[in-house]
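Readers should treat all values here as calculations from the given coordinates under stated rules, not as data from a laboratory. Given the structure is predicted, the values throughout are model-derived calculations rather than measurements. Glycine also receives a Cβ, built like all others from the backbone with ideal geometry; neighbour counts cover every protein chain displayed.
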Ligand code: SF4
């Protein structure tokens with residue numbers, strides 16, 4: 001899937017064997033070396049409130065990844081922040097959001113508190 005992407009959370013920590021060759025970690029350190037402000041703390045978990053409403057201004061390509069470089073359901077990401085992202089995704093129905101997580105147990109716990117819409121693909 002090609003198209004837009006939004007990264008309201010950067011950074012993560014390893015949670016399973018599948019994290020061994022984490023692309024996001026290498027990417028974060030590379031961007032820190034390049035002086036990209038958003039990655040000044042490398043792979044530490046950070047939320048970026050200014051990113052959250054970005055999808056509302058998108059035109060064109062109707063596809064999107066949400067979080068390629070972190071895990072939205074990391075324990076350090078507050079529920080209120082996750083809820084704000086789900087609200088925005090629901091308000092941008094012309095885009096499909098693919099959200100990836102390796103933290104299925106937290107996803108399951110928080111799922112009833114999130115605004116689910118047909119354009120949110122969770123994996
Ligand atoms: S959950 Fe994803 S982003 Fe986080 S360390 Fe594992 S592979 Fe990397």
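Counting Cα-Cα pairs of the chain in 5 Å increments starting at 0 gives whole-percent bin shares of 2, 11, 21, 24, 21, 14, 6, 1. What 222 nm value per residue comes from the helices of the chain, counting each DSSP H run with n ≥ 4 as -39,500 (n - 2.57) and dividing by all residues, nearest 500 deg cm²/dmol? So the calculated ellipticity at 222 nm is -7000 deg cm²/dmol. Backbone N atoms of region 37-77 closer than 15 Å to the 7 Å Cα→Cβ label point of residue 19 belong to residues 43-46, 69-77.
Multiply the residue separation of residue 79 and residue 48 by 0.36 nm, subtract the distance between their alpha-carbon atoms, and state the gained length in nm to one decimal. Provide the component values of the computation, followed by the final result.
Working: separation 31, 0.36 × 31 = 11.16 nm, distance 1.41 nm.
Between residue 79 and residue 48, full extension yields 9.7 nm more.
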